[in-house]
Amino acid sequence: VLVGHAAGGAYTRIVAGKNQDLVCGIVLVDSVHPGQTERLAEVGRVSQQPSPRMRPLVVLMSRLGIPRRYVGPKPRTLTEESYAIEQAFLPASSVAWFDETVAGTASLEQAGMINDLGGVPLIVLASSRPAGAAAGLASGADPQKAWLELQRELAELSSNGELRSLPDSGHYIQFDRPDAVIEAIEDVIDECRMGG
């Protein structure tokens with residue numbers, strides 16, 4: 001059983017698509033979608049990709065411990081404990097984060113080549129507030145509607161797919177609604193045991 005949150009959803013989709021005989025079930029937690037950049041841009045949410053030329057600067061800043069000196073605002077949905085852990089790892093993880101972000105477009109393209117997951121049990125959990133959804137939007141734009149449509153399309157990758165929308169959760173569903181994530185995993189495991 002594979003579980004992927006955010007960008008991890010693209011990796012999960014790639015692994016599942018290439019190893020369908022080994023994958024019994026999948027849970028996608030507010031997962032990225034290969035077409036999200038274009039589709040969310042239609043409702044005014046534009047994402048920016050960092051330039052690979054910035055990598056030497058990120059490496060230098062990481063070695064100097066600068067990420068540790070900058071403590072950004074805590075995301076509303078993160079617990080204090082989780083945020084403290086995230087901040088403690090910033091010097092070590094900032095270069096990896098940068099590399100992953102730069103490679104994000106290629107990862108989404110690769111995930112987009114997997115269009116059919118057969119009948120594998122698949123549960124897609126969708127938040128009501130995707131990460132950064134409200135940033136820089138035009139008046140009247142509805143990123144939530146666009147986000148839910150993208151999540152619905154992910155559920156349709158399997159003939160045994162299901163979308164579960166969580167109106168009381170932000171992007172970090174595992175923190176806001178851990179019960180929903182656990183329940184989805186247990187439901188997929190139950191289907192696997194029944195030969196679903």
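A few notes on this one:
- Residue in the range 112-131 that is open to solvent by less than 60 Å² (accessible area, probe 1.4 Å), modelled with pLDDT under 90, within 20 Å of ALA10 (Cβ to Cβ) and out of contact with any Leu (no Cβ under 6 Å at 6 or more places or on another chain) present: yes
- Scanning the range 151-185 for residues that are modelled with pLDDT of 90 or more, among the hydroxyl-bearing types (Ser, Thr, Tyr) and open to solvent by 40 Å² or more (accessible area, probe 1.4 Å), we see that the one that is farthest from GLY4 (Cα to Cα) is SER159.
- Just one of the listed residues (ASP30, ASP21) is within 26 Å of MET194 (Cβ to Cβ) and charged (D, E, K, R), and it is ASP21.
- Failed criterion for SER82 (all others in (1) in contact with a Pro (Cβ under 6 Å, 6 or more places away or on another chain); (2) modelled with pLDDT of 75 or more hold): (1)
The values are calculated or read from the model by the stated rules, or taken from the named source; none is laboratory data. Since the model is a prediction, treat every value here as computed from it, not as a measurement. In this analysis, Cβ positions are derived from the backbone assuming ideal geometry, glycine residues included, and neighbour counts consider all displayed protein chains. For the accessible areas, the whole protein counts, side chains as well, though only heavy atoms, and no ligand, DNA or RNA atoms are used. Shrake-Rupley method; radii C 1.70, N 1.55, O 1.52, S 1.80 Å.
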